[in-house]
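All remarks here apply to the structure that follows.
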Amino acid sequence: MAFVYKADPVRGAEWARLFAAKAPEVPFHIWPDTGNPERVRYLAAWTLPEGFERQFPNVELVFSTGAGVDQFDFSKVPQGLPVVRLAEPGVVAGMVEYAVMSVLALHRDLPAYIEQQRQGKWTAHRVHPASKRRVSVLGMGVLGQSVLVQLRSFGFQLAGWSRSRHELAGVTCYAGEGELPAMLAATDILVCLLPLTNETRGILDAKLFGAMPRGASLVHVGRGAQLDHQALLDALGSGWISAAMIDVTAPEPLPVEHPFWSHPRILLTPHVASMTQPETAVDLVLENIRRHDAGMPLMGLVNREKGY
């Protein structure tokens, strides 16, 4: 059996070192090196190579090297082939850090202070206690729930929404399309952590922003295609949305002339909220290989019907 890695080659070299230490019996190859294609049983990739199922006729398990799988074209992935996403501890920890940083930045008016610094203005804004601020998270998977748990320690009023029902201590949970407007109406800071599906594509639009209270703000760390750029610019221009932290866009990178770059109420980062950490990712991959070989349930197995 052999393992092929097709993603960032720098991190791939770290994966190779870790595989050599923890699973020396598994030949490890970094794309475009594949060794003998007929020996490849495991493939880890950010984007799948064209015709991989023919190139690797004995592949048994595919890993996404990120927490999402929307970059995969599942019409080209054989139905019986398991696909696993790496919502591993390193990814979760990184996302929690970024989301908490962003919520606190918006809560304490950081975009306004950055713009004032540029203008040489010394103006204080009223500080509101966290207990008076309503923070809601779209998406209650592993990432969303982890963010909510950490935010709980600050005393925010917390809510979470997902397609299916969840329960989380200290969080008002909403489920289904019918309950979304009620949560939005009671939201001061909205964090989008949704996976990209047909249902969530373009969800951050004028209708959604209009359902939030005037002066609300946005943290977008889901997927770029979920955000209507013009709708956000319009909402910022009218003051309906006060500020936004944006980490994901479509396209990536944004064109140099895009208004997000220079907008005074947008803090923009280049898709760095969270990254797969080789140490924890390799541990999760090896555990899933062990589970696969033993016929046990896989961690992070993708439900194709849901898209995540």
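The values are calculated or read from the model by the stated rules, or taken from the named source; none is laboratory data. Everything numeric here is computed off the predicted structure, so don't read it as measured data. Don't worry about glycine lacking a Cβ; one is built from the backbone with ideal geometry, like all the others, and counts go over all protein chains shown.
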Original post:
When segment 115-142 is examined, which residues are found to be modelled with pLDDT under 95 and either touching a helix residue (DSSP H, G or I) at 6+ places or on another chain (Cβ under 8 Å) or charged (D, E, K, R) (or both)?
Top reply: VAL142
Subject >> Pick from segment 25-84, criterion among the basic types (Lys, Arg) and touching a residue at least 24 places away in the same chain (Cβ under 8 Å), ranking: surrounded by the fewest Cβ atoms within 10 Å (Cβ to Cβ) >> reply: LYS76
Original post:
Right, ARG152: within 21 Å of the chain's Cα centre (by Cα), within 26 Å of LEU254 (Cα to Cα) and either at pLDDT 95 or above or assigned by TED's automatic domain parsing to the domain that holds PHE260 (or both) or not?
Top reply: no
**OP:** Select from segment 45-95 the residues that are within 15 Å of TYR5 (Cβ to Cβ) and aliphatic (A, V, I, L, M) and write down the one among them that is farthest from the chain's Cα centre (by Cα).
**Re:** VAL59
Subject >> Count of residues meeting criterion [in contact with a strand residue (DSSP E or B) (Cβ under 7 Å, 6 or more places away or on another chain) and within 29 Å of SER153 (Cα to Cα)] in segment 67-111 >> reply: 11
**OP:** Identify all residues within segment 153-195 that are within 30 Å of GLN71 (Cβ to Cβ), without any contact (Cβ under 8 Å) to a residue 40 or more places away in the chain and part of a helix (DSSP H, G or I); write none if there are none.
**Re:** GLU177, GLU179, LEU180
**OP:** Check whether at least one residue in segment 122-130 is surrounded by 12 or more Cβ atoms within 10 Å (Cβ to Cβ) and in the same structural domain as GLY210 (by TED's automatic domain parsing), and report yes or no.
**Re:** yes
